[in-house]
Amino acid sequence: MKKDYNRLISGLLAVGLIFSIFQIYTLKNEVENLQNRVNNNYEYLQRDINNIYANVNAQMKKQSSLLNDYAVEYTGGDVSNGTAQIKFVIEPKEYSQTTTATFVCDGVTHSMTLADGKFVAEFTAPLFTDSVIESVTLTEGGTNRVQEINHGISPRNSLVTAVYSQFDWQQSRGSRTENSVKWIISGNVEIHRERYNGQPEIQDMYLLYVIDDQVVKREQLLPTDTIAEDIEDATQEPSYSGAQSPNTISYSFEKNIEFFTPLNSEAFLKTEVIDGDGLHHITILKGWRTDETGEEWRYMDISRGSEAEIYTADGTPLFTYIDESENYWW
């Protein structure tokens, strides 16, 4: 009888322990859910506070600004000397006929002229590199009031044709000869050109076969070979910074390519587009590296979405990327 009683007590304790464990687990879940709700509410509250601060700061900056507005206009470019002509206009909140204005761009101070309630200046800046209009200074009776602007300007984006190329391809490696590897590539070479100020004219387009930095073949890409062409009418209006869409021309060339690359070499397929200004836009479509046996190889694909680099006819670089090409080899 006593043994049965002990068994009953042990059973009840076991059931109680299981029930307690279940309650603890349920309570733990409830606490975790509550903590998650608190964290979510905190994040929502923090975002609301940040938005309030941002709006207040924006309003304070607007109220404390010396200017009602300002504008940047790209009026022309000179490819031969690499300069852009830029018009900068500010509209001050307060001024008098004796107020003078200057601004700083890339560390150089420029004077401005008052005309119809606005101060205007025309100046030159590098065409192929970005610049920054840092600040404006209004001077009245010997007192200087400075307004920070830090407005970036990129004349190249508006005054120079931009070229984007890519290769939608399928590739297989063919037979190996004694001293080389044959690559067989087929697909569409796509070239897209755009310009904000005027028509993105071209003189010629080429497919370049390059081995160890030497062009071994320069194949002309003729418009008659295209399988798609889209031309939009261009305008000759001045281009305002970020104010309009570019005029575009796009081509797609269907290509079947055999490319023999020597052992222990580095080879590339590139496009070269010569625009109406005589600038050469070059993009890497594909790259290959083979070892001395021809058994080990790597390839490169970096062209998608990248603007072509720009060179003069004699190969002088005007616009290039920081060389990170080692990151693109597979």
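Where strands (runs of 3 or more DSSP E) fall entirely within region 76-115, those with at least 3 residues that are under 11 Å from LEU138 (Cβ atoms) are at 100-105.
Taking PHE167, is it in a loop (DSSP other than H, G, I, E, B), touching a strand residue (DSSP E or B) at 6+ places or on another chain (Cβ under 9 Å) and not hydroxyl-bearing (Ser, Thr, Tyr)? Judged against the criteria, PHE167 is not a match.
Filtered by the rule that a residue be assigned to a helix (DSSP H, G or I) and modelled with pLDDT of 90 or more, region 148-158 gives PRO155, ARG156. Selection of region 130-151 for residues being free of Cβ contacts under 8 Å to residues at least 40 places away in the same chain and under 30 Å from GLU309 (Cα atoms) yields ASP130, SER131, VAL132, GLU134, ASN150.
The residues of region 76-111 that are aromatic (Phe, Trp, Tyr) and under 26 Å from the mean Cα position of the chain (by Cα) amount to a single one, PHE88. Of GLN35, GLN63, all but one fail to be loosely packed, with under 10 Cβ neighbours inside 10 Å, at pLDDT below 90 and assigned to a helix (DSSP H, G or I); the exception is GLN63.
Of everything listed in (1) touching a helix residue (DSSP H, G or I) at 6+ places or on another chain (Cβ under 7 Å); (2) over 28 Å from LEU279 (Cβ atoms); (3) not polar (S, T, N, Q), the single unmet condition for VAL89 is (1).
Each row is one residue, and each column tells you yes or no for (1) surrounded by fewer than 18 Cβ atoms within 10 Å (Cβ to Cβ); (2) at pLDDT 80 or above; (3) closer than 23 Å to ASN188 by Cα.
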position: ARG218; (1), (2), (3): yes, yes, yes
position: ILE227; (1), (2), (3): yes, no, yes
position: ARG298; (1), (2), (3): yes, no, yes
position: TYR321; (1), (2), (3): yes, no, no
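Please count how many residues of region 262-288 are assigned to a strand (DSSP E or B) and either at pLDDT 85 or above or outside the structural domain of ILE211 (by TED's automatic domain parsing) (or both). Residues flagged as assigned to a strand (DSSP E or B) and either at pLDDT 85 or above or outside the structural domain of ILE211 (by TED's automatic domain parsing) (or both) within region 262-288 amount to 18. The set of residues from region 125-158 being surrounded by 15 or more Cβ atoms within 10 Å (Cβ to Cβ), out of contact with any Leu (no Cβ under 6 Å at 6 or more places or on another chain) and of a type in the set (S, T, N, Q) comprises SER131, SER135, THR137, SER154, ASN157, SER158.
The values are calculated or read from the model by the stated rules, or taken from the named source; none is laboratory data. The structure displayed is predicted, hence computed values, not measured ones. Here Cβ is always computed from backbone atoms with ideal geometry, including for glycine, and neighbour counts include all displayed protein chains.
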